[in-house]
Amino acid sequence: MSVMKKSENCIALSGRIDSANAAATEQEIASLLDGYTDAALTVDAETLEYISSAGLRVLLRLRKQHSDMKIVNVCLEVYEVFEMTGFTEMMPISKAYRKVSVEGCEVIGQGANGKVYRIDPDTIVKVYYNPDALPDIKRERELARTAFVLGIPTAIPYDVVRVGDGYGSVFELLNAKSFAKLIAADPEGLDGYVAQFVDLMKLIHSTTVKPGVMPEMKAVALDWADFLKDYLPGEAWEKLHALIAGVPEQLTMLHGDYHTKNVMLQNGEVILIDMDTLCTGHPVFELASVFNAFVGFSELDPSVAMAFQGFSRETCNAIWDKTLRLYFGTEDEAILRARAEQAMLIGYTRLMRRTIRRRGLETEEGREAIAHYRSRILELLERVDSLTW
């Protein structure tokens, strides 16, 4: 058994703590912490292999001296001891995370918060960009569980792992393939895939969520509009803001990032993934994200469609058109055009804000994109007088 001081408020334990060395271990800890009287203390147990009741008593006495003590990186065997003896109810104790490598693994999806890899035929892992993503992972697990309980077919994360310096959520998806890959491999089956894609979206939108469980998409869209106040003519901005503000608040579930890379087919069942964007609101906000995924993002650069979805912009445009027809159940071109323009107005608002925030005003390409989105917003505002149906 050895004790090491990692920092002023952190010590590391390794090996075994039992009746034979508990007293010596306690003395060594006391020596390392001599003069440190702060309530906060972290005990890193990454290499602690075993602890007996004598070792537990050492930790109890240590906690009396440092009331804000926590134990981290605990292996499964030692964690079970802490759990069985009630230690997990007395102080914060967190398990060590299994380490996973994604080197050479297939990327099957990518979103605003992370990238999804297939690490074997049965398993995928979503690796978060944020190196301190544990709160984000916890939130996504809760959102996914809520959706699953409400009847949405979704993959539930069952483990948290370390991937390099960051974290990932592990999901079991047995030989599942994204709709993006299915469409790319079987373009003749496009109509069938889009029908399933729309059926799942309708199921999501037929689901009501309790108040406060998920964020409201309307508030996010209002933030997009507020950002553009200094970039649009006064009357145009006022109308844009009023249109979004006029969308009724409702508890309809939305995915928030619905496209063919976030919909999987597993053994004939359609499965939804990437649940950290779940929210509530009017379906116009969902259709705006669908528009951007298939049209908006690649409108100025067709190569973006292939890089993002894995198929051509022509296919993307076809998916958007077929989605509108199936979702609204009509071939009336006037109705379809009106619904499309409602979604497009919100979509371009997001794209313009996104481009400006990404320092688009500093490059010629960015300025051209911003001017294009601004022009489209102003054009649509001349025709769109409501964002609801």
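The values are calculated or read from the model by the stated rules, or taken from the named source; none is laboratory data. Worth saying up front: this structure is predicted, and the values here are computed from it rather than measured. Every residue, glycine among them, receives a Cβ derived from its backbone with ideal geometry; neighbour counts consider all protein chains shown. The accessibility values were calculated without ligands, DNA or RNA, using every heavy atom of the protein model including side chains. Shrake-Rupley method; radii C 1.70, N 1.55, O 1.52, S 1.80 Å.
Specify the angular offset, from 0 to 90 degrees and rounded to the nearest 10, of the alpha carbon long axis of helix 313-328 from the longest principal axis of the alpha carbons in the chain. Tilt relative to the chain: about 80 degrees. So what is the diffusion coefficient of the range 66-219 in µm² per second by Stokes-Einstein at 25 °C and 0.890 mPa s, using a Kirkwood Rh over Cα pairs? The diffusion coefficient I find is 134 µm²/s. Taking the 1.4 Å solvent-accessible surface of the chain as the whole, the part contributed by carbon and sulfur is 49%. By the gyration tensor of its Cα atoms, with a ≥ b ≥ c the square roots of the eigenvalues, what is the shape of the range 132-237: rounded for a/c under 1.5, prolate for a/b over b/c, or oblate? Note, shape of the range 132-237 comes out oblate.
Our summary of shape: the Cα atoms of the range 272-341 have principal axis extents of 31, 30, 20 Å, ordered from largest down, in whole angstrom.
Quick one: Debye curve from the alpha-carbon atoms of the range 251-389 only, equal weights, vacuum; give me log10 I(q)/I(0) at q = 0.19 Å⁻¹ to two decimals. Treating every Cα as an identical point scatterer, log10 I(q)/I(0) equals -1.28.
Radius of gyration (Cα atoms) of the range 1-44, expressed as a multiple of 2.2 N^0.38 Å: 1.12.
Note that the range 249-389 presents 41 Å² accessible area per residue, ligands and nucleic acids not counted, probe 1.4 Å.
Taking only the Cα atoms of the chain, the ratio Rg/Rh comes out at 1.09, with Rh defined as the Kirkwood radius. Among the listed pairs K177/K202; K6/K99; K6/K70, which are separated by more than 19 Å between their Cα atoms? Where the Cα-Cα span goes over 19 Å, the pairs concerned are K177/K202; K6/K99. Computed from backbone phi with θ = phi - 60° and the Karplus coefficients 6.51, -1.76 and 1.60, the 3J(HN,Hα) list for the range 235-243 is 5, 5, 5, 4, 5, 4, 5, 5, 4 Hz; x is used for glycine and proline. For the range 269-346, a simple Cβ point-charge model (Lys and Arg +1, Asp and Glu -1, everything else neutral) yields a dipole of about 80 debye relative to the Cα centre.
Remark: spin-label model distance T388-Y231 equals 2.8 nm, labels positioned 7 Å along the Cα→Cβ axis. On a 0 to 90 degree scale, rounded to 10, what angle separates helix 134-149 from the longest Cα axis of the chain? That works out to roughly 60 degrees. A cut-off of 5 Å between modelled amide H atoms, ignoring neighbours fewer than 5 places along the same chain, links I17 with Y50, I51, S52.
The Kirkwood radius of the range 59-115, taken over pairs of alpha-carbon atoms, gives through the Stokes-Einstein law at 20 °C and 1.002 mPa s a diffusion coefficient of 151 µm² s⁻¹.
Short-range pairs are left out: with C-alpha atoms under 8 Å and at least six residues apart, the relative contact order of the range 1-126 is 19 percent. Between A112, P157, P92, the Cα set farthest toward the positive side of the dipole of the range 79-232 (charges on each charged residue's Cβ, about the Cα centre) is that of P92.
Cα centroid separation, the range 212-231 to the range 313-354: 20 Å.
When the alpha carbon gyration tensor of the range 195-332 is reduced to an equivalent ellipsoid, the three semi-axes, largest first, read 26, 21, 14 Å.
On the principal axes of its alpha-carbon atoms, the range 9-103 has extents of 45, 27, 24 Å, going from largest to smallest.
Think of each Lys and Arg Cβ as +1 and each Asp and Glu Cβ as -1; about the Cα centre, that makes the dipole of the range 300-389 roughly 460 debye. Counting only heavy atoms of protein chains, what accessible area per residue, in Å², does the range 37-152 have with a probe of 1.4 Å? Ligands and nucleic acids excluded, the result is 54 Å² per residue. Taking Cα atoms only, the orientation of helix 22-32 departs from the longest principal axis of the chain by about 70 degrees.
Classify the range 186-242 as rounded, prolate or oblate from the Cα gyration tensor: take a ≥ b ≥ c as the square roots of its eigenvalues, call it rounded if a/c is under 1.5, otherwise prolate when a/b beats b/c and oblate if not. Because a/c hits 1.5 or more and a/b fails to exceed b/c, the range 186-242 counts as oblate. Dividing the mean sequence gap of close Cα pairs (under 8 Å, 6+ apart) by how many residues the chain holds gives a relative contact order of 11 percent. Loop-located GluC sites (Glu not before Pro) in the range 270-372 (DSSP state other than H, G, I, E, B) with a sparse environment of at most 12 neighbouring Cβ atoms within 10 Å: E331.
Which of the three applies to the range 221-291, rounded, prolate or oblate, going by the alpha-carbon gyration tensor with a ≥ b ≥ c and a/c under 1.5 meaning rounded? Prolate shape, in that a/c is at least 1.5 and a/b is the bigger ratio. Sequence-ordered 3J(HN,Hα) estimates for the range 268-280 from the Karplus curve with 6.51, -1.76 and 1.60 and θ = phi - 60° stand at x, 9, 7, 10, 9, 10, 6, 9, 6, 9, 4, 7, 10 Hz, glycine and proline given as x.
Cβ-Cβ distance of Y50 and M4, R₀ of 22 Å, FRET efficiency by 1/(1 + (r/R0)^6): the value works out to about 0.80.
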